[in-house]
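Below is one structure, written out as structure tokens; the observations come after it.
The values are calculated or read from the model by the stated rules, or taken from the named source; none is laboratory data. Source: prediction; values computed, not measured. Neighbour counts are summed over all protein chains in view; Cβ atoms, including those assigned to glycine, are modelled from backbone coordinates with ideal geometry.
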Amino acid sequence: MLHERARQLAGESAFDVLRRAQELEAAGREVIHLEIGQPDFPTPAHIRAAAARALEEGHTGYGPSQGLPELRDAIAEKAGELRGLSFSPEEVVVAPGAKALLFYAINALAGPGDEVIYPDPGFPAYQSVIAHSGATPVPLPLREETGFRFDADEFLGLVSDRTRLVILNSPQNPTGGVLEREDLRAVAAAAVENDFRILSDEIYLHFCYDSPFETIASVEEAGERVIIIDGFSKTYSMTGWRLGYALLPPSLVKTFDLYNVNIASCACTFSQHAAVEALRGPQDSVTSMVAEFRERRDYLVEGLNSIRGISCGTPGGAFYAFANITKTGISSAELASRLLAEAGVAVLSGASFGPCGEGYIRLSYATSMEKLRSGIERMANLLGKG
Ligand code: PLP
């Protein structure tokens, strides 16, 4: 018999839809993939070369559980520069993906009797892992009217003396929303007053198109309460290399290290050598990818707004459009499944990111302009123009 805890784990629609789309492809259909959240660019050549070198040099064994010292040095320096803050290598823990670190953070800080506030719609692992930890997931609604930021009063109304952790994700998956300084200040002030920690998932920080990235760690009162989670998957097109890191208050470092020891021993060693090159080497691939994504975003949003029943605001960040489909009169799940079956366009139902995502679909624009054009055409053929 499965333990109740294990029953709480939920899947991720991106992987489910990808599998269904691939089955259609195996049966001869051509599918436009707007479901999966990974850059369509290959990992830059100089990073691949660094991994090949690391393999040749024999870096194929276990490494220190907290992460290679040279990688932790590079992370402390570069992650600090990006955020205008200073971090020491001792505050860095490297793990097999940002996802692993989310799991560590939630389980280290919350359990039965506790509450964890998380964004709805939001990255599915949050709700799933909170429930798995035994804590109560408390969804924080994000609404289109405010560019998918949260309402500060509504947020304060959700905070209780059981709140142990608040999860923020900006730029956000799935809405592309970006939080503003006043939002961060409201959370920081509440954290001090109610003594909770903040998990800031900053995996999309480079994908900010209209305003500079801001981290809650730079709000002074937040100080020691913030756990920053970031990684290499999105910025350097390294989703398969499984590498993420946390910037932690010193009191949490040992515990995160112990999660690594017990779960993974360490992150993949040659991936870590390549990651040093990713951080210290040329950054032009990042700059050009972000510029390309910005163009795609504008193209996709315009295209979506030309389809009958669909409206879409311009997301400030990440690489997703979260389109309002209420006027089609079709539910999110049904529209997503019809778009795949009838038009060969794979998108995700907004409801798969939480109840507040009903009435929306998520489209990833981490794919070529040509594919986006074809996706829009196919959707317009199914739903009509206007
Ligand atoms: N956090 C968010 C908000 C994401 O969208 C993703 C991936 O889609 C992750 C974390 C996971 O990143 P990683 O590949 O480093 O595990």
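Scanning region 279-297 for residues that are in contact (Cβ under 8 Å) with a residue 40 or more places away in the chain, closer than 21 Å to Gly80 by Cβ and out of contact with any helix residue (DSSP H, G or I) (no Cβ under 8 Å at 6 or more places or on another chain) returns Val286, Val290. You will find that of Val261, Val301, the residue that is assigned by TED's automatic domain parsing to the domain that holds Met369, touching a Ser or Thr at 6+ places or on another chain (Cβ under 7 Å) and surrounded by fewer than 21 Cβ atoms within 10 Å (Cβ to Cβ) is Val301 and no other. Checked against (1) of a type outside the set (A, V, I, L, M, F, W, C); (2) surrounded by fewer than 23 Cβ atoms within 10 Å (Cβ to Cβ); (3) within 19 Å of Cys312 (Cβ to Cβ), Pro124 passes all but condition (3). Among residues of region 142-188 being in a strand (DSSP E or B) and of a type in the set (D, E, K, R), the one that is surrounded by the fewest Cβ atoms within 10 Å (Cβ to Cβ) is Arg143. Residues that are of a type in the set (S, T, N, Q) and at pLDDT 95 or above within region 137-189 comprise Ser160, Thr163, Asn169, Ser170, Gln172, Asn173, Thr175, listed in sequence order. For region 142-165, the criterion of a residue being at positive phi and out of contact with any helix residue (DSSP H, G or I) (no Cβ under 7 Å at 6 or more places or on another chain) is satisfied by at least one position.
Residue by residue, here is whether (1) more than 30 Å from Val261 (Cβ to Cβ); (2) in contact with a Gly (Cβ under 7 Å, 6 or more places away or on another chain) holds:
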residue	(1), (2)
Phe15	no, no
Val31	yes, yes
Pro42	yes, no
Ala45	yes, no
Glu56	no, no
Gly61	no, no
Leu102	no, no
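Could you say whether any residue in region 79-88 is crowded, with 18+ Cβ neighbours inside 10 Å and part of a helix (DSSP H, G or I)? Yes, the conditions are met somewhere in region 79-88. Taken over region 162-177, the criterion of being more than 13 Å from the ligand (Cβ to nearest atom) and under 18 Å from the mean Cα position of the chain (by Cα) is satisfied by Leu165, Val166.
So, Ala98, is that one within 16 Å of the ligand (Cβ to nearest atom), in contact with a Gly (Cβ under 6 Å, 6 or more places away or on another chain), at negative phi and touching a residue at least 40 places away in the same chain (Cβ under 8 Å) or not? Spelling it out, Ala98 is indeed within 16 Å of the ligand (Cβ to nearest atom), in contact with a Gly (Cβ under 6 Å, 6 or more places away or on another chain), at negative phi and touching a residue at least 40 places away in the same chain (Cβ under 8 Å). Taking the condition touching a helix residue (DSSP H, G or I) at 6+ places or on another chain (Cβ under 9 Å), assigned to a helix (DSSP H, G or I), of a type outside the set (Lys, Arg) and within 13 Å of the ligand (Cβ to nearest atom), does Tyr118 pass? No: the conditions fail for Tyr118.
Within region 186-201, take every residue that is under 23 Å from Met238 (Cα atoms) and in contact (Cβ under 8 Å) with a residue 60 or more places away in the chain and give me the one that is farthest from the chain's Cα centre (by Cα). Ranking the candidates gives Leu199 first. Counting the residues of region 126-161 that are among the aromatic types (Phe, Trp, Tyr) and away from the ligand (no atom under 15 Å from the Cβ) gives 2. Can you tell me how many residues in region 353-380 are within 17 Å of the chain's Cα centre (by Cα) and farther than 21 Å from Thr239 by Cα? Number satisfying all stated conditions: 3.
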